1. In segment 80-114, which residue that is polar (S, T, N, Q) and in contact with a helix residue (DSSP H, G or I) (Cβ under 9 Å, 6 or more places away or on another chain) is nearest to T316 (Cα to Cα)?
2. Could you tell me which of the residues D91, D98, D130 is under 25 Å from G262 (Cβ atoms) and of a type outside the set (A, V, I, L, M)?
3. Out of everything in segment 236-276 that is of a type in the set (V, I, T) and over 26 Å from G349 (Cα atoms), what residue ends up being surrounded by the most Cβ atoms within 10 Å (Cβ to Cβ)?
4. Going residue by residue through segment 14-31, is there one that turns out to be in contact with a Leu (Cβ under 9 Å, 6 or more places away or on another chain), charged (D, E, K, R) and modelled with pLDDT of 95 or more?
5. Just one of the numbered conditions (1) in contact with a Pro (Cβ under 8 Å, 6 or more places away or on another chain); (2) part of a loop (DSSP other than H, G, I, E, B) is not true of I120; which one?
6. Which condition number in (1) at pLDDT 95 or above; (2) more than 29 Å from R308 (Cβ to Cβ); (3) within 18 Å of the chain's Cα centre (by Cα) is the one that Y122 fails?
7. Report, ordered by the first and then the second residue, all pairs with beta carbons closer than 6 Å, sequence separation of six or more or different chains, a first member in segment 292-315 that is β-branched (V, I, T), and a second member that is at pLDDT 95 or above.
8. Just one of N318, N303 is crowded, with 24+ Cβ neighbours inside 10 Å and over 30 Å from E48 (Cβ atoms); which is it?
Amino acid sequence: MAEIGLGIGTSHSPMLMQPAELWANHALNDQRNKELCFAPSGEILSFEEALERANPKIADLNQYEVHKKQHENLNAAITQLSETYKSFKPDIAVMVGDDQDEMMFEDNMPAFLVYWGDSIKYYPRKVAPDASDAAKASAAGYPQTELEIPVQTDLARHIIEYMIDHEFDVSHSKYLRENPGGTVGHRYPSANGEIETTRVTAPRPFGLPHAWSFVVKRVMKENLIPIVPIWQNTCYPPNQPSAKRCFNFGQALRGAIESWGGGKGTKVAVMTSGGLSHFTVDEELDRTAIKGMVDGDPDILMNLPRHRLHSAASETLNWVTISGALQHLKAEKVGYEPVYRTNAGSGGGWGMVQWT
C-alpha cells in the first residue's frame, strides 16, 4: 500500500512573493474591495463602515517595520516547509486546492473534483512591461516557464472510485479546457440581506490554478514528481462543503491512498495552500484552526463556524480536508503572522503547518 508520510499546508498570498516594502500597496485595493467580510458576524462591510468600528490597536500593526519582520518570519517558514519536503522525497503529491475564477465557473462548479488526466499544464503569469512592482513580484513567485506536470492517473482514478464507494459523489475531469472563461457570482451576507456581484473572466490560456502552482514553485521547487490535483469549492455558494464534510472527505482520502493496489512502497505527501483568514484578519479563527491541527482535534476542525468562512477565509477548509487525511501524523506550526494592511482590519492571517 501507499504510505502518507508528510503533510504540508501553506498560505499563498501574493504578499508572500513580494518584499515587505510593497505590502502597503495592497491597502488601496482593500479600500475598493467589495468582499471584506468581518468577524464575528461574517457580514460584508464597506471599507468606511469597517474603519468606524475598527480596533484602534490595529493602527500599530500595519507599519513597515512590523511588516518587514513578518516577511522574514514567513519566508523562513516556507523555506522550512521546502526543506522538510526535500528531505522526505515523496514519490507522489496529492494536492488539495480551491479555484478562484480560474478554471471553474458557474456552468459547472463541483463541490469536489479529482483530476485524472495524464498531465496538467502550467502557464506562467504574464505581466505587462509597465505593470506595478507588486504585480511583477507576484508573477515571479510562480514558475517562469510553461510546465507539463505529470499526474499519477492510476491513483487519481482509484481515489475517484474509492470516494464513490464511500458515499462521496465526486466529479472527475480527464482534461481541462484550453481557454477557460466564464462568470461566477460572489455572494455574501450583509445586514440588509445577501449581496451578489458577478465576476467575468474572459477566455484565455490557463492551466494549473494558483493554489497548486504556488506549492509547485515555493515548496516543491519545481521538482515535478507526479501529482493528483483535487479541487474543492470553498468560496462560492450554494454548494460549499461544510467543515465537517471536508474533514470526513480527508479521512476518506487517506483510505483511498492507503488502499491503492499500485502503491506498494510509494511515499505520498498530502499538501494544500490557501487562507488562512483574508481579506480581513480573523486571528481567533486562524489560531483556532491551527490549534485543531496541532492538537489533532477533529472536533475543533469540524466545528469551525461557517459564518466565519466567507470570502477567501473559506480556504481554511483546504487545511481541514488534509487534516482529515493526516490524523496519523503529528502537526507542527511552522509559522503564523496576522498581517494587517489597513486600520480597518483588512489583510490576512498567513500560516504554515507541517505534519510528519
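The values are calculated or read from the model by the stated rules, or taken from the named source; none is laboratory data. As the structure is a prediction and not an experimental result, all values here were calculated from the model. Neighbour counts are summed over all protein chains in view; Cβ atoms, including those assigned to glycine, are modelled from backbone coordinates with ideal geometry.
1. Restricting attention to segment 80-114, the residues satisfying the condition of being polar (S, T, N, Q) are 80, 82, 84, 87, 100, 108.
Checking which are in contact with a helix residue (DSSP H, G or I) (Cβ under 9 Å, 6 or more places away or on another chain) leaves us with 82, 100.
Numbers: S82: 21, Q100: 14 Å.
So the residue we want is Q100.
2. The match here is D91.
3. Out of the qualifying residues, it is V268.
4. There is no residue in segment 14-31 that is in contact with a Leu (Cβ under 9 Å, 6 or more places away or on another chain), charged (D, E, K, R) and modelled with pLDDT of 95 or more.
5. Failed condition: (2).
6. Checking Y122 against (1) at pLDDT 95 or above; (2) more than 29 Å from R308 (Cβ to Cβ); (3) within 18 Å of the chain's Cα centre (by Cα), the one that fails is (1).
7. V294/A331; V294/K333; I300/G292
8. N318
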